[in-house]
Each structure stands twice: as C-alpha cells, then as structure tokens.
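Worksheet: one structure, shown below.
Every number in this text was worked out from the coordinates using simple rules, so none of it is lab data. These numbers were taken from a predicted model, which means no experiment stands behind them. We place every Cβ from the backbone using ideal geometry, glycine too, and count neighbours over all the protein chains shown.
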Amino acid sequence: MIKKKIKKKIIMALAPVVLIGAVVIVIVCALVTLDFFGTNETDGYVEENEAYAEDYKNVLNQNIKYGNGYVSLSRILYFYLEDDQLSFSMIYSDNLDKETKKQKPISEVCEMPRYKSMSVCKTEELSDSSQSDEDVIKPFTAPLKISNMNVTSFFMEQRTVYGKFDVHEAWDLSSPNNTPVYSTCDGEVIQVKFPYSENKIDTSGGGGNQIKIKCEVDEDTTYEVWYAHLYPKSSKVKEGDKVKQWQQIAEVGTTGYSTGPHLHYQVSKDGSTVDGMSLIDFTDTNSETFVKPPLEPYNGLNPNLNGNYPNFNGYTPYQP
C-alpha cells in the first residue's frame with residue numbers, strides 16, 4: 001500500500017520535467033521495479049527523494065539546531081503519503097518524544113487521534129512496514145554544537161552538485177569556518193589526512209582535509225565516523241590517539257569537493273553507511289542555551305524560508 005502511494009507521488013513530481021513520451025515510459029517502468037523504503041539498524045531512509053528534499057530540510061532546520069531531536073524522512077512520508085494535508089512540521093512534532101528527544105515507536109504514534117483511523121496504522125500495514133517500534137539506543141553526541149548544526153544535505157539525499165548527480169551517504173552541516181568539530185564518541189583516531197594548507201574549494205579534491213575515528217560502542221558494535229572538508233592545520237589529534245566523547249578534534253572548513261564551509265559527517269558500520277543523525281543523543285546538549293522555536297508546529301513550511309534553502313552565516317548551499 002505505502003509503496004504504491006510513493007510511486008504515484010514520485011511519478012507526479014517527475015512528470016512536468018519529462019520532455020518526451022518515451023522518457024516517461026522508461027521512468028515509470030523503473031519506478032515500478034524499485035523498492036522505495038530501505039532500512040538500516042537505526043532509522044529508515046527513502047530512495048527517490050528529490051520531490052521531498054527541500055521540504056524535509058526546512059523542517060529539519062526548524063528542529064535539529066534547536067535541539068528538539070530527529071525524525072527520519074521515512075517516518076514523515078509514512079503518514080504524509082496517507083494524508084498530504086498534514087504538514088511535514090506537524091508530522092515531525094507528533095513523532096517526536098519531547099522528553100527523550102527520540103523518534104517515537106510507530107505503534108505509539110498510531111494511537112494518537114490524528115493517525116488512529118489511518119489505513120497505515122492497521123496491524124497488517126504496520127507489520128509490513130519498515131517503521132521502528134522499539135526504543136533506539138543513541139550512543140553519540142553531536143559532531144558540532146547542536147545550535148551550529150544547519151542541515152544542507154541529509155543522509156541518502158539524491159542531489160546534483162556542480163552539475164553531477166549523486167546520492168549523499170552522509171550529513172552536511174553548514175557552519176562558519178573554524179567552528180569547533182568534536183568526537184561523537186570515545187574512540188581511536190584511525191586516520192588524519194590534511195593535504196590542504198589553504199582553505200579553498202577543489203572540485204577534484206574529494207573529502208579534503210579529514211579525520212576518521214573508530215567508535216566501539218560495545219563488544220558487538222563498532223562504528224567509523226568520518227569528518228571531512230576540515231580547516232587546514234586545525235587537527236588536534238594524530239593517528240593512534242584515544243579520544244573522549246565531545247573532545248574537540250578539528251575545525252570546520254571548505255577544503256576539497258565542497259560548496260562552502262561545512263562539516264561532512266558520515267558514519268559506517270561493518271563497511272556500510274548508516275544514518276549518523278539517528279545515533280545522536282539530543283538530550284546531551286553540553287549546557288547549550290537555545291532560542292526556542294514556536295511551541296506548536298506550523299501547518300506548512302517556515303514562512304521565513306519561502307520554500308528555499310536557508311542561508312546560514314552567509315553561506316548558501318549549492319542549488320542546481
């Protein structure tokens with residue numbers, strides 16, 4: 001049921017840009033064969049997500065940088081595709097536990113009056129969904145101060161940068177040059193690579209200056225965290241160093257294949273990338289003081305953003 005609704009909406013979003021009938025047929029055939037929801041060991045992600053990317057980044061930045069917590073695109077679309085009169089902001093707020101700052105178990109959300117009668121909340125639909133119904137462990141702290149975490153690209157976002165299409169297997173968090181970057185865990189530094197002595201963009205330069213840390217969460221769970229585009233000569237660690245959670249390791253820069261000052265935050269487990277934002281404990285704010293956003297969700301997008309990417313600290317992310 002949910003996959004059919006996703007396919008229908010994606011086809012509708014793509015139709016205006018298709019120029020000839022043959023291309024439409026190819027796209028439709030491809031969509032029919034795709035599985036649109038995928039999962040990892042934390043939260044799910046959504047493939048073919050261009051139609052929802054800007055709206056999702058807007059609602060993320062209404063919540064992430066204020067320390068409210070994280071809700072996955074998969075969870076939002078689970079309800080939005082059932083009733084597109086609901087705003088992303090409303091669904092995000094309804095799916096967020098205000099005390100733990102975690103995404104609620106799906107069964108808990110389905111007990112709310114707004115969702116209880118939806119077909120996607122029927123037992124058979126829930127059992128076939130990829131939606132988590134368990135309390136998820138959050139072993140990480142944030143890689144930047146939470147108030148500096150301005151999302152310009154989310155995990156598995158399909159996007160075009162410098163005219164090239166890719167699927168972004170990380171989070172991009174724009175912030176001014178020299179913003180402190182922190183270790184998300186107690187771990188070991190396994191790579192320090194700083195080939196750039198100048199803080200400049202190099203479209204052939206990959207991750208630019210970068211650091212990788214191995215995080216052993218428990219005896220059965222190990223993650224690798226990759227921090228990229230770091231400021232020249234800002235590394236405060238070397239390979240082999242043991243680091244503590246929330247220890248500063250470097251500073252934000254724009255070295256390598258970048259569109260402006262930001263941190264590329266990427267997490268992998270057993271050789272596969274996972275959703276690093278879903279691992280962050282948003283109750284651990286290190287005594288940050290936040291200017292709180294409106295308490296009630298808007299019925300729509302933030303009117304101050306006008307449907308565009310936000311401009312943070314003078315940096316506007318690349319727009320194709």
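Charge tally around Asp284: other residues with Cβ under 11 Å, Lys/Arg +1 each, Asp/Glu -1 each, net 0. Computed from the C-beta positions of Asp84 and Thr160 and an R0 of 35 Å, the FRET efficiency is 0.90 to the nearest 0.05.
For the pair Asp218 and Ser107, a Förster radius of 25 Å applied to the C-beta separation gives a FRET efficiency near 0.40, rounded to the nearest 0.05. Strictly over 18 Å apart at the Cα level, which of Lys138/Lys214; Lys65/Lys214; Lys101/Lys145; Lys214/Lys269; Lys138/Lys212; Lys65/Lys98 would you flag in this model? With Cα atoms farther than 18 Å apart: Lys65/Lys214; Lys138/Lys212.
Applying both filters, DSSP loop and at most 10 other Cβ atoms within 10 Å, to the trypsin sites (Lys or Arg not before Pro) of the range 184-272 gives Lys238, Lys244.
Neighbour counts of C-beta atoms inside 10 Å place Arg114, Arg159, Arg75 in the sequence Arg114, Arg159, Arg75, starting with the fewest. Taking other C-beta atoms within 10 angstrom as a stand-in for reagent exposure, Ser129, Ser153, Ser268 fall in the order Ser268, Ser129, Ser153, fewest first. So, counting K/R as plus one and D/E as minus one, what does the shell of residues with Cβ under 11 Å around Ser175 add up to? Here the charged neighbours net out to 0.
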